[in-house]
There are 2 protein chains.
Amino acid sequence: MNSPDTSSTAGKIMLVGLGPGSQEHLTGRARAAIAEAETVIGYVTYIRLVADLLDGKEVIKKSMTEELDRAIEAYERARAGKKVALIASGDAGVYGMAGPTFEVLFQAGWTPDSGIEVEIIPGASAINTCASLVGAPLTHDFCAISLSDLLTPWPTIARRLDAVAYADFVVALYNPKSGRRTRQVLEAQRIFLRHRDPQTPVAVVKSAFRPKQHIEYTTLEKMAEAEIGMLSTVLIGNSNTFVRDGLMITPRGYANKYAVEDGERNTHAGEQAGRSLSTGLSGWLEDVRARVAAGVSVADIARHDRLPEDYVAAALSVEGFEDEVPAAE
Amino acid sequence: MNSPDTSSTAGKIMLVGLGPGSQEHLTGRARAAIAEAETVIGYVTYIRLVADLLDGKEVIKKSMTEELDRAIEAYERARAGKKVALIASGDAGVYGMAGPTFEVLFQAGWTPDSGIEVEIIPGASAINTCASLVGAPLTHDFCAISLSDLLTPWPTIARRLDAVAYADFVVALYNPKSGRRTRQVLEAQRIFLRHRDPQTPVAVVKSAFRPKQHIEYTTLEKMAEAEIGMLSTVLIGNSNTFVRDGLMITPRGYANKYAVEDGERNTHAGEQAGRSLSTGLSGWLEDVRARVAAGVSVADIARHDRLPEDYVAAALSVEGFEDEVPAAE
C-alpha cells in the first residue's frame, strides 16, 4: 500500500441522503455537509431541492443515467483537494450513489487511507417517507425491490417478487414504471397474485413531501390501473395489513399476545409479557417434537408449517437450548 | 361519524423517528416536533439521547415491553389537549410505535377527523444507518426481518428467512439476539446456509453513531461466533456483495452494462445506456420465445431460470408490448 499523500489539503467525498426532499426533513449532518462542500454534484431535481443552500459553490448537474460519471467527477475534484457533496434523495445507500462511487474509487486505486475521506450521510429512504404518509405499513418485516431492469436481469427481479409474495412481506416497489418500462408492474402484480389475496391493500405514493405529493389507495387486484410513474413508490401490504379511515396499517402482532380493553392491557392465557410467544422458536420446537411423538412425519410437519423439510429435521436434531424452553424460564 | 370536538385546544400526537440517535442526525422536523411537544414519551434510552432538548417538558419514561401503554398514555394526554411526542430511535414506522399507536387509537374510537391529529416524522432506520457505516451494502434489493419471536410465530420468521436467502436479497436482521433469545440467530444462519455461500459477507453493527459504536465483519459461516446483542443489527450481503479495505459493497450492476476504463464509461456490446438490459423483461421474453421455438419445454425453462412454471407460461401468453421489445425502440 502506498503511503497517503497528506502534504496538500485533503479532499473529501460526502454522499448525502436528502431524505424525501423537503428541507425540513434534512438531517443536521446533511445540511452541514452541503455547507462544508465546495462542489455539489447531483441529478437536476435534487439540486433544485436544495438550491438555496448552494450559494457560492460549484454546482454540477447530471442527468439520470450518469451515475458513474458523477462518481468519476467527484473523485477528480477530491483528488484536487476539494470537498465534494454528492447529493441524492432518500438514503445515499439505497439503490444510491454510495455503491457506484466506491466501485469507481476502487477501480481508480483509491483506498480508505489514501488521504481522501469518504463519508456517507444516511437519510430516510422512500420506503420510510412514503410509509409515514400512509400510516404504519412497515410495522412488520419488509423488502424493497426495484422493478428497473436497466441493470438487473428480469429473472432475478421476478424470482425476488415471487419469494417475498409467498413469504408475506410488506413490499415497496422502487422504480415501478417509466415512460418505456410499463409492463414490469403488470408482471409484478401477476406474480403477487400467485400468492396473495387480490384485496391486499396497496398504496401508490408520488412525490412524498414535495409540492406535487399524491397518494392513491388501491388493492393488488387493481394496482395496475393506478397512476404510477417515475416518482412513485408502490407499497404492498402483507396478509394482515388493513386500510381504515385512509390509513394503511400493518399490525405488529400485539393481538397475538395481548388484549387492550378500557385502557388496560391484559396478556392472553399461555403468554407472558416480555417472553417469546407460545408459538415462538422454543414453543414451536416443543410442538414439532410432540407431533413427531404422536406419529406425524417430518415431511407432513414441513408441509403443514410451510417450511423446508430438511430445515425442520435439522432444527429438531439440536439439543441443549433449555434456556429457551418456556417451562424452564 | 361524530362531528369533531374542536372547541378546546386540539391535542396532537407526533411519532418522532430520531434516526441513529446522535443529535446531528436528527431531521429539522424531528427537532421541531420535540420542541413543540408538551409531553415527551419514550423508552429510557431514547429519552437520554435527546435529554438536553426536554427542558420544561413532561417526560414519561417507559420500559421496552410497554409499547401499548405508551400509546395509551399518549392518547390520554392528547385528549386532554396536549401536544405529545412519542420518540423512538430509527424510523417511527419500522417495527415501531406508529403501528401500535394507530391500533390503540382505533380501539379507543379515534378517527383522523376526531380533532386529534397524528403526525409521523420519518427518520433513517437501523438498516440505513448501519449500512452507511460499513460502506454500501444496500445498493440492491434488500429486506428487514426481525428475529424477535415475542409477537411473531417462529414458522413465519423461518419461512421469510428461507425465501429471501433463496432469492438473494441483502438482509438486515433486527433484534437478532437478547439475553434470553440466543438460538434464533443460529437458526437464521442454518437457513441461510441452505442457499448461500458460507463466505457471504456479514457485518454486525452495534450502537451505530453512538459512543459505544462497534463494527465487526465476518462471514455467514462464522456469523454465530460474532458478538451480537440487543443493540446489534446484522447485515448479510447478497451473492455479489464483497468486502474490500474494510468496506462492504453490493454492486448495483453497472458492470452488467458498462466498463469504466481510464475515467471513461463505455457500454458493452448489445447494451444501450438508459435502456433495459438485454436480459431485462423484454429481452428475457424474446429469449424464452426463442427457446420454446427451439423445442425447449416451459418446464425446463422455468427450472433453468429458477422461476415458477405457471409464471413463465403466463408471461409468454401476453401480447401487445411492442414498445418494450428492444428491436422496436
Checked A:9, A:45, A:27 against criteria (in contact with a helix residue (DSSP H, G or I) (Cβ under 8 Å, 6 or more places away or on another chain), in contact (Cβ under 8 Å) with a residue 12 or more places away in the chain and polar (S, T, N, Q)); the one match is A:27
Can you tell which of A:42, A:93, A:109 is open to solvent by 40 Å² or more (accessible area, probe 1.4 Å) and closer than 28 Å to residue B:273 by Cα? A:109
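Evaluate the following for residue B:240: is it in contact (Cβ under 8 Å) with a residue 24 or more places away in the chain, touching a Leu at 6+ places or on another chain (Cβ under 9 Å), open to solvent by 50 Å² or more (accessible area, probe 1.4 Å) and more than 8 Å from chain A (Cβ to nearest Cβ)?
On the way: in contact (Cβ under 8 Å) with a residue 24 or more places away in the chain: yes; touching a Leu at 6+ places or on another chain (Cβ under 9 Å): no; open to solvent by 50 Å² or more (accessible area, probe 1.4 Å): yes; more than 8 Å from chain A (Cβ to nearest Cβ): yes.
Spelling it out, it is not the case that residue B:240 is in contact (Cβ under 8 Å) with a residue 24 or more places away in the chain, touching a Leu at 6+ places or on another chain (Cβ under 9 Å), open to solvent by 50 Å² or more (accessible area, probe 1.4 Å) and more than 8 Å from chain A (Cβ to nearest Cβ).
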Filter segment B:28-39 down to the residues that are open to solvent by 10 Å² or more (accessible area, probe 1.4 Å) and either touching a strand residue (DSSP E or B) at 6+ places or on another chain (Cβ under 7 Å) or closer than 22 Å to residue A:121 by Cα (or both), then identify the one that is farthest from the other protein chains (Cβ to nearest Cβ). B:38
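Give me a count of the residues in segment A:82-118 that are acidic (Asp, Glu) and within 7 Å of chain B (Cβ to nearest Cβ). Step through it out loud before you land on a result.
Residues of segment A:82-118 that are acidic (Asp, Glu), as a first pass: A:91, A:103, A:113, A:117.
Among the residues that remain, those that are also within 7 Å of chain B (Cβ to nearest Cβ) are: A:91, A:103.
Final tally of qualifying residues: 2.
Could you say whether any residue in segment B:119-133 is of a type in the set (D, E, K, R) and surrounded by fewer than 20 Cβ atoms within 10 Å (Cβ to Cβ)? Write out each step before concluding.
Of all residues in segment B:119-133, those of a type in the set (D, E, K, R) come to B:119.
Cutting the leftovers down to surrounded by fewer than 20 Cβ atoms within 10 Å (Cβ to Cβ) gives us B:119.
Yes, some residue in segment B:119-133 is of a type in the set (D, E, K, R) and surrounded by fewer than 20 Cβ atoms within 10 Å (Cβ to Cβ).
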Just wondering, is there one or more residues in segment B:213-235 that are closer than 21 Å to residue B:124 by Cβ, modelled with pLDDT under 95 and surrounded by 20 or more Cβ atoms within 10 Å (Cβ to Cβ)? no
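Name the single residue, out of those in segment A:66-90 being assigned to a helix (DSSP H, G or I) and open to solvent by 30 Å² or more (accessible area, probe 1.4 Å), that is farthest from residue A:48 (Cα to Cα). Walk me through it before giving the result.
If we filter segment A:66-90 for residues that are assigned to a helix (DSSP H, G or I), which is where we start, we get A:67-79.
Okay, now just the ones that are also open to solvent by 30 Å² or more (accessible area, probe 1.4 Å), so A:67, A:69, A:73, A:76-77, A:79.
Values: A:67: 17, A:69: 19, A:73: 19, A:76: 23, A:77: 21, A:79: 26 Å.
My answer is A:79.
For the subset of segment A:169-178 comprising residues that are within 19 Å of residue A:238 (Cβ to Cβ) and in contact with a helix residue (DSSP H, G or I) (Cβ under 7 Å, 6 or more places away or on another chain), which member is farthest from the other protein chains (Cβ to nearest Cβ)? Step through it out loud before you land on a result.
Here is the first cut: in segment A:169-178, the ones within 19 Å of residue A:238 (Cβ to Cβ) are A:169-174, A:176.
From the residues that got through so far, the ones that are in contact with a helix residue (DSSP H, G or I) (Cβ under 7 Å, 6 or more places away or on another chain) too are A:169, A:171-174, A:176.
On the way: A:169: 7, A:171: 9, A:172: 10, A:173: 10, A:174: 9, A:176: 13 Å.
Here the answer is A:176.
Among the residues of segment A:165-180, is any touching a residue at least 60 places away in the same chain (Cβ under 8 Å), surrounded by fewer than 23 Cβ atoms within 10 Å (Cβ to Cβ) and within 21 Å of residue B:278 (Cβ to Cβ)?
Taking segment A:165-180 first, the residues touching a residue at least 60 places away in the same chain (Cβ under 8 Å) are A:168-175.
The next check asks that each one be surrounded by fewer than 23 Cβ atoms within 10 Å (Cβ to Cβ); those that pass are A:168, A:174-175.
Pick out the ones that are also within 21 Å of residue B:278 (Cβ to Cβ) and you get A:175.
Yes, some residue in segment A:165-180 is touching a residue at least 60 places away in the same chain (Cβ under 8 Å), surrounded by fewer than 23 Cβ atoms within 10 Å (Cβ to Cβ) and within 21 Å of residue B:278 (Cβ to Cβ).
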Would you point out the residue of segment B:181-194, among those that are closer than 24 Å to residue A:145 by Cβ and at the interface with another protein chain (Cβ under 8 Å from one of its Cβ atoms), that is least open to solvent (accessible area, probe 1.4 Å)? B:191
Only one of A:222, A:206 is closer than 30 Å to residue B:101 by Cβ, out of contact with any His (no Cβ under 9 Å at 6 or more places or on another chain) and among the basic types (Lys, Arg); which? A:222
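Go through the residues of segment A:58-65 one by one and say whether even a single one is touching a strand residue (DSSP E or B) at 6+ places or on another chain (Cβ under 9 Å), closer than 21 Å to residue B:24 by Cβ and either at pLDDT 95 or above or not in a helix (DSSP H, G or I) (or both). Please lay out each step first, then the result.
Going residue by residue through segment A:58-65, those that are touching a strand residue (DSSP E or B) at 6+ places or on another chain (Cβ under 9 Å) are A:58-64.
From what is left, the residues that are closer than 21 Å to residue B:24 by Cβ are none.
No, that holds for no residue.
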Here are B:4, B:20: which of them is at pLDDT below 95 and open to solvent by less than 50 Å² (accessible area, probe 1.4 Å)? B:20
For segment A:213-224, what are the residues that are out of contact with any strand residue (DSSP E or B) (no Cβ under 7 Å at 6 or more places or on another chain) and away from chain B (no Cβ under 14 Å)? A:221, A:222
Considering only residues that are closer than 22 Å to residue B:308 by Cα and in a strand (DSSP E or B), look in segment B:119-168 and name the one that is nearest to the other protein chains (Cβ to nearest Cβ). B:143
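How many residues does segment A:46-62 contain that are within 26 Å of the chain's Cα centre (by Cα) and open to solvent by 50 Å² or more (accessible area, probe 1.4 Å)? It would help to see each step written out before you state the result.
From segment A:46-62, those within 26 Å of the chain's Cα centre (by Cα) are A:46-50, A:62; that's our starting set.
Subsequent filtering for residues that are open to solvent by 50 Å² or more (accessible area, probe 1.4 Å) retains A:48.
Residues that pass the stated criteria total 1.
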Out of (1) at pLDDT below 95; (2) surrounded by fewer than 21 Cβ atoms within 10 Å (Cβ to Cβ); (3) in contact with a strand residue (DSSP E or B) (Cβ under 9 Å, 6 or more places away or on another chain), the one residue B:101 does not meet is (2)
Count, please, the residues in segment B:277-306 that happen to be closer than 20 Å to residue B:168 by Cβ and polar (S, T, N, Q). 1
Screening A:203, A:255, A:208, A:290 for residues that are in a helix (DSSP H, G or I), under 28 Å from the mean Cα position of the chain (by Cα) and among the small types (Gly, Ala, Ser) leaves only A:255
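The values are calculated or read from the model by the stated rules, or taken from the named source; none is laboratory data. Note that the structure is a prediction, hence the values are computed from the model and not measured. Note: ideal-geometry Cβ built from the backbone for every residue, glycine included; neighbour counts use all protein chains shown. Just the protein is used for accessible areas: all its heavy atoms, side chains included, with ligands, DNA and RNA removed. Shrake-Rupley method; radii C 1.70, N 1.55, O 1.52, S 1.80 Å.
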